[in-house]
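The values are calculated or read from the model by the stated rules, or taken from the named source; none is laboratory data. Since this is a predicted model, take the numbers as computed values, not measurements. Cβ placement follows ideal geometry from the backbone for every residue including glycine, while neighbour counts extend to all protein chains displayed. These accessible areas exclude ligands, DNA and RNA; they are computed on the full protein's heavy atoms, side chains included. Shrake-Rupley method; radii C 1.70, N 1.55, O 1.52, S 1.80 Å.
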Amino acid sequence: MMTWRHVTRDDFPLLARWLAEPHVARWWHHETSVAAVERDFGPSARREEPNEDLLAFLDGAPIGLLQRSFLHDYPEYLDELTPLTAVPPRAMTIDYLIGDTANVGRGIGTRMIRSALGHLWGDHKDAECVIVAVHADNTGSWRVLEKAGLARVAHGEINPDNPIDDRRHYVYRKDRPKN
């Protein structure tokens, strides 16, 4: 069973370990020092940021991280997306990782994204859709999105998280299910 909770300061050592994993570090390109994790995840953990950082648990064990936010709260990112695709006023985005290498390639990412979307629709009744940009070379990530039901709606240039990458990205979208 997949469950979720907000990241707390007590989770920072786990996040640092996950961010240092080669399969995560390649795409997240994140500092892993205590100070860097506090700087980057502390405001969200204290609910001082508009985004939400959530830990995913499978059968009680932590397996991944999900970040979710309304795109309008990050105008610089919104400015990169709007030339590529229509972005409704209440569009959200997600970013995600599977922490331990042993959990990669086992379908857990797809389960995690499906579960995350279900929770997102329940927690954010005003969310119109989810739009996610993924680097074109991050095949594992965009395949997870496709398996979880997101559709590729655009491709184009967006600043990468890792400076070794070029700007090629695919853009995925899933609209709120009709009830």
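The residue that is farthest from residue 179 (Cα to Cα), counting only those in segment 87-136 that are of a type in the set (Gly, Ala, Ser) and surrounded by fewer than 20 Cβ atoms within 10 Å (Cβ to Cβ), is 102. Taken over segment 152-170, the residue count meeting the criterion of being open to solvent by 50 Å² or more (accessible area, probe 1.4 Å) and under 21 Å from residue 86 (Cβ atoms) is 8. If you scan segment 94-116, which residues turn out to be within 14 Å of residue 67 (Cβ to Cβ) and aliphatic (A, V, I, L, M)? Hits for segment 94-116 are 94, 97, 98, 112, 113, 116.
Within segment 29-37, identify whether any single residue is within 21 Å of residue 167 (Cβ to Cβ) and surrounded by 17 or more Cβ atoms within 10 Å (Cβ to Cβ), and answer yes or no. Within segment 29-37, one or more residues are within 21 Å of residue 167 (Cβ to Cβ) and surrounded by 17 or more Cβ atoms within 10 Å (Cβ to Cβ).
Look at segment 63-84: where a residue is open to solvent by 10 Å² or more (accessible area, probe 1.4 Å) and a partner is among the acidic types (Asp, Glu), sitting 6+ places away or on another chain with Cβ atoms under 6 Å, you get 67/53; 67/95. Considering segment 153-167, the residues that are part of a loop (DSSP other than H, G, I, E, B) and among the hydrophobic types (A, V, I, L, M, F, W, C) include one that is farthest from the chain's Cα centre (by Cα), namely 164.
Scanning segment 78-103 for residues that are more than 14 Å from residue 55 (Cα to Cα) and modelled with pLDDT under 95 yields a total of 3.
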